[in-house]
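Colleague: Sharing a structure with you now.
What follows is calculated from the coordinates using simple rules that are stated; it is not laboratory data. Every value quoted in this text rests on a predicted model; they were computed, and no experiment measured them. Cβ: placed from backbone, ideal geometry, glycine included. Neighbour counts: every protein chain shown.
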Amino acid sequence: MKISLTLLLIGITLLSNAQFIELPTTDPNPGHLKAKIHLSSKKTSEALPLVVVLHGCYQDPEKIAHDADWNRLSDSLGFHVLYPEQLLRNNLSTCYNWFIEKDIKKNSGEVYSIHLMIEQVQKSYSIDKNKIFVYGVSAGGAMASALLVDYPETFNAGAVLAGAPFGIATNAGQGMSAMINPKDLKPSEWATIAREQNPGYKGAYPRIVVMHGTGDDIVSVKAGFELVEQFLALNDCAVQPTTTTKAFQENEAITKLTYSNKANEERVVFYEFNKWGHFVPVDPGTGPLQGGQLGMFAKDVDFFSTIWILKDWGLITP
C-alpha cells in the first residue's frame, strides 16, 4: 500500500510538472525574475496567441494556473501561456514591485525582464504577434498595467483584477497608501503619466478589462476606478459608459460597463463586483461557462472570470 501511494504521488508530481516548461533566463534580466511556459496541446499549424499571466502576492505560476484554470483553457482553445515568476530575493511576499519606480519604468527592472521574456518566447515558438495579451491579479495586475503602458505596441489587450493604474506609486510608502486610499486624478492626468513612458508613440493603446470588488479591503475599488479612467483617456473614450448591464449573467453582484471610442470600438470593459473582496472569481464545474478552482485567493461566486476575459479579448467567439 505504501509503495502504491508513493507511486501515485510521484505520478501526480510528474503530471503537474509536465504542465510547465522552465523558460531559460533572459540576458539581460534586470528584474531578476524566472519564468515558465505552458504550451497548448491543441494541434494546429497556425501561429498561436500568447497570454502572459502575472500572479499575485504569495502566489506562483502553479497557484494562479490552478485557480484561474489557464492551462486547461490553453489546451482547449489554442493559446500558449507565459508565467513570469517573482522571487523571494526581490520581494518576501513574492509580490511584483509595482510600487518601485525602477521596476515599472520602461526598459528597466521587472517590467523590462517580462518584456524580454515575451520576445524570447516569440523567437522560440510560433506566436501570433497581433494576439499577445497580459493578465494580472493584485500586484500582478498593477504590473500588467505597467506592461500595457510601457509597451503598448506589444499587446492586443490586457486584464487587471484588483490592480491599480500605472504611476499610482513610485516607492513603498506611496504603494501602501495607494492600496488603501488611492489618489484621485483626472483621466487626462493619468494619461499624461502613462504617455511619459513613450513620448513619441502615436499608435493605439491596448484594450483593457478591469475587474474589482467594492468590498476589497486589500486594494480599494477606487484604484480600479482610477485605472479605468487612465485607459479611457489613453483610448480616447468618453467617461460615460456605452452600455451598462446590471445583474450580468443573472448574478446580482455584477455590473458590467463597456466604453467605446469615437470609432465605436469597444476599448475598456469594467466589471464591478458589489461587496466582493480581494479574490479571483471562479465557478468550478463542467458547464460551458464554468471553471476555475478554489484557492487561497480564489472564491466560488458562480462567475468564472477567466472565461469572460477571454470573451472580451475576442479569443472566444460567441
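Colleague: Through the Karplus equation 6.51 cos²θ - 1.76 cosθ + 1.60, θ set to phi - 60°, convert the phi angles of region 298-310 into ³J(HN,Hα) values in whole Hz; use x for Gly and Pro.
Modeller: Each residue of region 298-310 in turn: 9, 10, 7, 10, 6, 8, 8, 4, 4, 5, 6, 5, 4 Hz.
Colleague: Semi-axes of the equivalent ellipsoid of region 192-267: what are they in whole Å, largest first, if each equals the square root of 5 times a C-alpha gyration tensor eigenvalue?
Modeller: 25, 17, 8
Colleague: If I stretch the segment between residue 238 and residue 32 completely, what's the gain in nm (0.36 nm per residue apart, minus their alpha carbon distance), one decimal? Mind showing how you got there, number by number?
Modeller: Working: separation 206, 0.36 × 206 = 74.16 nm, distance 3.94 nm.
Between residue 238 and residue 32, full extension yields an extra 70.2 nm.
Colleague: Taking GluC sites (Glu not before Pro) that fall in a DSSP loop and have at most 14 other Cβ atoms within 10 Å as cut points, what is the longest piece of the chain between them? Numbers along the way, then the final one.
Modeller: Details: sites that count: 46, 153, 196, 252, 265.
Between the exposed loop sites, the longest stretch runs 47-152.
Colleague: Take the Cβ-Cβ distance between residue 202 and residue 172 as r, set R0 to 41 Å, and report the resulting FRET efficiency rounded to the nearest 0.05.
Modeller: 0.75
Colleague: Near residue 299, which aspartates and glutamates are there with a Cα under 20 Å away, not counting those fewer than 8 places off in the same chain?
Modeller: The reachable aspartates and glutamates, counting only those whose Cα sits under 20 Å from residue 299, are 60, 62, 67, 69, 216, 217, 250, 252, 272, 283.
Colleague: Would you list the P(r) distribution for the chain, with all Cα-Cα distances sorted into 10 Å bins from 0 and each bin expressed as a whole %?
Modeller: With a bin width of 10 Å, the distribution comes to 6, 28, 37, 22, 5, 1, 0.
Colleague: Among 187, 28, 281, determine the one that fluctuates most according to a GNM of the chain built with springs between C-alpha atoms less than 10 Å apart.
Modeller: In the Gaussian network model the winner is 28.
Colleague: For region 145-151, what does the Karplus curve 6.51 cos²θ - 1.76 cosθ + 1.60, with θ = phi - 60°, yield as ³J(HN,Hα) per residue in whole Hz, taken in order and with x for Gly and Pro?
Modeller: 4, 5, 4, 5, 7, 6, 10
Colleague: Using only the alpha-carbon atoms of region 192-318 as identical scatterers, what base-10 log of I(q)/I(0) does the Debye formula give at q = 0.15, 0.20 Å⁻¹?
Modeller: The Debye formula, applied to the Cα set alone, gives -0.76, -1.21.
Colleague: Also, I was wondering about something else. From the phi angles alone, apply the Karplus equation (6.51, -1.76, 1.60; θ = phi - 60°) to region 82-93 and give each ³J(HN,Hα) in whole Hz, x where the residue is Gly or Pro.
Modeller: Going residue by residue, I get 9, 10, x, 9, 6, 10, 4, 5, 8, 7, 5, 9 Hz, with x marking Gly and Pro.
Colleague: Still on this model: Please give the contour-minus-distance gain from residue 43 to residue 214: 0.36 nm per residue of separation, less the Cα-Cα distance, rounded to one decimal in nm.
Modeller: 57.4 nm
Colleague: How long are the three semi-axes of the equivalent ellipsoid of region 238-307, in whole Å, if each is the root of 5 times an eigenvalue of the C-alpha gyration tensor, listed from largest down?
Modeller: So the three semi-axes of region 238-307 are 26, 13, 11 Å.
Colleague: Any lysines with Cα under 27 Å of the residue 106 Cα? List them, leaving off those in the same chain fewer than 8 positions away.
Modeller: 34, 36, 123, 129, 131, 183, 186, 202, 222
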